[in-house]
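Worksheet: the structure to be examined is printed underneath.
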Amino acid sequence: MTHVATPRLRPPGLLGKYLHVLSVGLQNTLVYRANFLFRAAFGLVPLAATLFLWRSIYADRPPDGLVGAYTLGQMISYYLGVTVVDSVTAVAEDDWQIAADIKDGAVSQFLLKPVDYLAYRLCLYLSGRVVYTGVALVPVAGFLWYQREFLVGPSGAAGWALAAVSVGLAALLQFLIAYTVALLAFWVLDVSTFIFIQFAFEYLASGHLFPLDILPPALHRGLMWTPYPYLLHFPVGVSLGRFSGPGLWWGLAAQAGWVIGVFLLARLVWSRGLRRYTAVGG
């Protein structure tokens, strides 16, 4: 009797493994597309209120009057840029899910499989951003078209490329900060306080509430030595062409440096947390 060899199924390669995670994340996130649509649409309400507020502030100034270094058109364009960058890079509930995985013991399965938990969570974060950005494109694009007279974009292909690089680095930094804070669940039962504190710092120091360069120069320079301005203020500034020359390259280098630094910190916190996790759960 002739023996027919059964072909062995090779496990997917490194890229294929995480592409599968990305695909599953896209399918799971698409379930919430209606929620994303309403969130994006109603998120434009506070934006519209903010723009009306700034219009009132500029109403008593001459047509070319400045607040800081911004005209009314530049200020409106800044907030429109913040809306776009925030839609692409914001962390939704990834930090809460990471903390829940640790608290419920779900990370144990990743200790037994050749899957890196950080890469796994990054794939889920990217899938969520792809779906949310795609759904939010409808209401946000309509609002941008309504405010099109104030829109300012990068000049030339190089400007667009640098803006895309900066937004990509901002997304990585956003995720890594949230990931690292969520890993505190290895030590505390409830990380909600730390998540809220981190969100408050981010909201104030990232340029979400107002452009950081309208602050006193000393405070502005001090904030630029923290990672938060590179989440929104810097990528939006690059998109609007407010950074150029050495300032632009220094900012990109600082942004990349923070991504590498927070990544190394996340690895360190993960390794230290696993020692405590295995000691308690073993």
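The values are calculated or read from the model by the stated rules, or taken from the named source; none is laboratory data. This one's a predicted model, so the numbers in the text were calculated from it and none came from an experiment. Methodologically, a virtual Cβ is constructed for each residue, glycine included, from the backbone with ideal geometry; neighbour enumeration extends over all protein chains shown.
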Q. Which one is surrounded by the fewest Cβ atoms within 10 Å (Cβ to Cβ) among residues in the range 224-255 that are of a type in the set (A, V, I, L, M, F, W, C) and outside any helix (DSSP H, G or I)?
A. Trp225
Q.
Residue under question is Val82, and the condition is that it be on the phi < 0 side of the Ramachandran plot, free of Cβ contacts under 8 Å to residues at least 40 places away in the same chain and not charged (D, E, K, R); does it hold?
A. no
**Q.** Given (1) under 25 Å from His220 (Cβ atoms); (2) within 26 Å of the chain's Cα centre (by Cα); (3) in contact (Cβ under 8 Å) with a residue 24 or more places away in the chain, index of the condition Pro46 fails
**A.** (3)
Q) Looking at the range 226-237, is at least one residue over 22 Å from Val88 (Cβ atoms) and either basic (Lys, Arg) or at pLDDT 90 or above (or both)? A) no
Q.
For a quick check of your reading of the model, give me the residue pairs whose first member lies in the range 237-249 and is touching a residue at least 24 places away in the same chain (Cβ under 8 Å) and closer than 16 Å to Leu212 by Cα, whose second is assigned to a loop (DSSP other than H, G, I, E, B) and polar (S, T, N, Q), with beta-carbon atoms closer than 8 Å and at least 6 apart or on different chains.
A. Gly241/Ser155
Q) Across the range 49-71, which residue is farthest from the chain's Cα centre (by Cα) among those that are part of a helix (DSSP H, G or I) and among the aliphatic types (A, V, I, L, M)? A) Ala59
Q | Filter result for Ala136 (surrounded by fewer than 13 Cβ atoms within 10 Å (Cβ to Cβ) and either hydrophobic (A, V, I, L, M, F, W, C) or without any contact (Cβ under 8 Å) to a residue 40 or more places away in the chain (or both)) | A | no
Q.
Restricting to the range 88-131, name every residue that is basic (Lys, Arg) and closer than 23 Å to Tyr203 by Cβ.
A. Arg121, Arg129
(Q) Looking at the structure I just gave you, is Val31 among the hydrophobic types (A, V, I, L, M, F, W, C), surrounded by fewer than 10 Cβ atoms within 10 Å (Cβ to Cβ), in a helix (DSSP H, G or I) and modelled with pLDDT under 80? (A) yes
